[in-house]
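Reading through the structure tokens given below for one structure.
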Amino acid sequence: MAVKADVLLRGASYVVTMANGPYRRVTEDNAGIIERGAIAWREGRIVWVGPEPDSHVVRAREEVNVGGRLVTPGFVDSHTHLVFAGERFWELWMKLEGKSYLEILEAGGGIYYTVRKTREASVEELAEAAVNRLYTMRRYGAGLVEAKTGYGLLPEHEEKILLAARMAEKRVRGVELVHTVLAHVVPEEYAGRREEYIELFSNEIIPMAARLGARFVDVFCDKGAFTVEETRRIIEAGLRNGLKPRLHSDELANIGCHKLAFEYEIYSLDHLEHLPPAAARELGRTRTVATLLPTSMLSVFSEKKPPVDDLRRGGAIIGVATDFNPNNMTPSMKHAFELAVYLYKLTPLEALAATTVNAAYSLDARGYGTISEGAPARLVVWDFSHYKRLAYEWGVDNIYAVY
Ligand SMILES: [Zn+2]
């Protein structure tokens, strides 16, 4: 009996399935590379994948021939601050003049500017901005995108961000969202009252976010943000409400945040520029994905890189995401993918695993970031044929089609 499908995509030079992921070590042998491959899907789910089939193997209502091009899984962007109002383009000029983060803050810029503008915006306005960003993300290959709150800070505004994200998600076909509630900073009105804010976040914001469909709780655990002990309390509150933890960790300094990955099941530790090499090697013992954010590092003109060699040597699962936010306005996963190669020296297959199946693992999203039976049909068709050409020609529009 032939497999019935809506669409049969055929004529691929190679299909890189990433079906054996998540990967601690990815090579040509285990990446799931199919030569002269084809993929069939029905109602958005992959029902068949393999070498060019005969007509009695798959019967599809529509056939698409990609003319000898390479097909890979759609990207998974596992770290974005998708919803906000208050872009800060002039801060690039200030950063280039050598102004520090503190000086920008004192000039009325920085995160609190975005918080102010986000609070002034309506749900509809926030949703509309998010929709435009999602279209760009899809165009550059993303099929699943994580969206954090964190620019509202108070319950009513954090709620507005979640509602806007859900609204935006319904309007853009071909991209799904995973919702995260983020403890970003202590709001200005709680200056000197950190304890009270952590109570508010734990007892009001987290339960509200869980009701509105958030699946993760994230904490900006770093110097000048939340301490390890405060982060622990927020993680616990998240767990009580069924939210899985992920963390901003070791970006500005090592204050010990990464140690929480040995204490809890942390789905992702993100940034990691200041992660000590020994801890990087230990991370391989955990299920935690080490999520690297190369565009974010560049947007703050930092030269400090995460300990990639140690992560690799220890067998950590490495992810790569955009960290799209008003201080790092690149919604392109293709860009993050390419920079992971040129900045962090991941091999193109490592970078591909990091931006697809490994990133999906950090979001507990089974099947995403792979081309396998039962997985959602999210694909990137590249405008060239050999998988070894991935990231070779970069900074150009070499995505032929996105499904
Ligand atoms: Zn972030």
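Looking at segment 235-299, what % of the alpha carbon pairs are farther apart than 16 Å? List each step's numbers first, then the result.
Values: 912 of 2080 pairs.
Summing the P(r) tail past 16 Å for segment 235-299 gives 44 percent.
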> Taking the mean number of other Cβ atoms within 10 Å as a proxy for protection, how do you rank 52-59, 168-175, 236-243 from highest to lowest?
Replying inline: 236-243, 168-175, 52-59
>> If I take R0 = 60 Å and measure r between the Cβ atoms of Met329 and Met1 in this structure, what FRET efficiency does the formula 1/(1 + (r/R0)^6) give, to the nearest 0.05?
In response: 0.75
> How do the peptides 72-83, 102-113 rank, highest first, by the average count of neighbouring beta carbon atoms within 10 Å per residue?
Replying inline: 72-83, 102-113
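Roughly how many debye, to the nearest 20, is the charge dipole of segment 75-362 about its Cα centre, given +1 on each Lys and Arg Cβ, -1 on each Asp and Glu Cβ, and no other charges? Please list the in-between numbers first.
Details: 35 positive and 40 negative charges, 180 e Å.
Rounded to the nearest 20 debye, it is 860 debye.
Within 10 Å, count the other beta carbons around each residue, average over each peptide in 291-297, 84-90, and list them highest first. If you can, show how the numbers build up before the last one.
Values: 291-297: 25.7, 84-90: 16.7.
Ranked from most to least packed, the peptides come out as 291-297, 84-90.
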> If the cut-off is a Cα-Cα distance under 30 Å, which lysines reach Lys117, setting aside same-chain residues fewer than 8 apart in sequence?
Replying inline: Lys95, Lys99, Lys148, Lys160, Lys170, Lys223, Lys244, Lys334
> Cα centroids of segment 332-397 and segment 184-232: how far apart, whole angstrom?
Replying inline: 32
> Taking Cα atoms, how many degrees apart are the long axis of helix 123-139 and the longest axis of the chain, rounded to 10 and kept between 0 and 90?
Replying inline: 40
> In degrees between 0 and 90, to the nearest 10, how far off the longest principal axis of the chain does helix 111-120 point, with axes built from Cα atoms?
Replying inline: 80
> Tilt of helix 155-171 relative to the longest C-alpha principal axis of the chain, in degrees (0 to 90, nearest 10)?
Replying inline: 20
> Going by the alpha-carbon gyration tensor, a ≥ b ≥ c the square roots of its eigenvalues, is segment 165-271 rounded (a/c under 1.5) or, if a/c is not under 1.5, prolate (a/b greater than b/c) versus oblate?
Replying inline: prolate
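List the relative contact order of the chain as a percent without decimals, with contacts defined as Cα pairs under 8 Å and 6+ residues apart. Please report the intermediate quantities before stating the final value.
Values: 943 pairs, mean separation 84.1, N = 403.
Relative contact order of the chain: 21 percent.
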>> Cut-off 10 angstrom, C-alpha nodes, Gaussian network model of the chain. Which of Arg215, Arg138, Arg389 fluctuates the most?
In response: Arg389
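Express in nm, to one decimal, how much length is gained between Arg389 and Asn20 on full extension, taking 0.36 nm for each residue of separation and deducting their alpha carbon distance.
130.7 nm
May I ask you to give the percent of accessible area on the chain that is carbon plus sulfur, with a probe radius of 1.4 Å? Kindly include the intermediate steps, with their values, before the conclusion.
Working: 8130 of 16550 Å².
Ligands and nucleic acids excluded, carbon and sulfur give 49 percent.
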> For segment 270-358, with only Lys/Arg (+1) and Asp/Glu (-1) charged at the beta-carbon, what is the dipole magnitude about the Cα centre, in debye rounded to 20?
Replying inline: 220
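Could you tell me which of rounded, prolate or oblate describes segment 1-140, using a ≥ b ≥ c as the square roots of the eigenvalues of the alpha-carbon gyration tensor, with rounded for a/c under 1.5 and, failing that, prolate when a/b is larger than b/c and oblate otherwise? All intermediate terms of the calculation are to be shown ahead of the outcome.
Working: a/c = 3.74, a/b = 2.34, b/c = 1.60.
Prolate, because a/c is 1.5 or more and a/b exceeds b/c.
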> If you take the alpha carbon radius of gyration of the chain and divide it by 2.2 N^0.38 Å, what ratio comes out, to two decimals?
Replying inline: 0.98
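Relative contact order for segment 182-260 using alpha-carbon pairs under 8 Å, separation at least 6, rounded to a whole percent? Before the final figure, lay out the partial values.
Values: 105 pairs, mean separation 25.8, N = 79.
Reported as a whole number, the value is 33 percent.
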> What number, in percent, do you get for the relative contact order of segment 1-108 if the mean sequence gap of Cα pairs under 8 Å and at least 6 apart is divided by its residue count?
Replying inline: 33
> If ligands, DNA and RNA are left out, what is the accessible area of Trp41 with a 1.4 Å probe, given in Å² to the nearest 10?
Replying inline: 30
> Between Lys95 and Arg240, what is the spin-label point distance in nm, taking each point 7 Å from the Cα along the Cα→C-beta axis?
Replying inline: 3.8
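The values are calculated or read from the model by the stated rules, or taken from the named source; none is laboratory data. A quick note: this is a predicted structure, and the numbers were derived from the prediction, not measured. Neighbour counts run over all protein chains shown; Cβ positions are idealised from the backbone, glycine included. Accessible surface areas use protein heavy atoms only, side chains included; no ligands, DNA or RNA. Shrake-Rupley method; radii C 1.70, N 1.55, O 1.52, S 1.80 Å.
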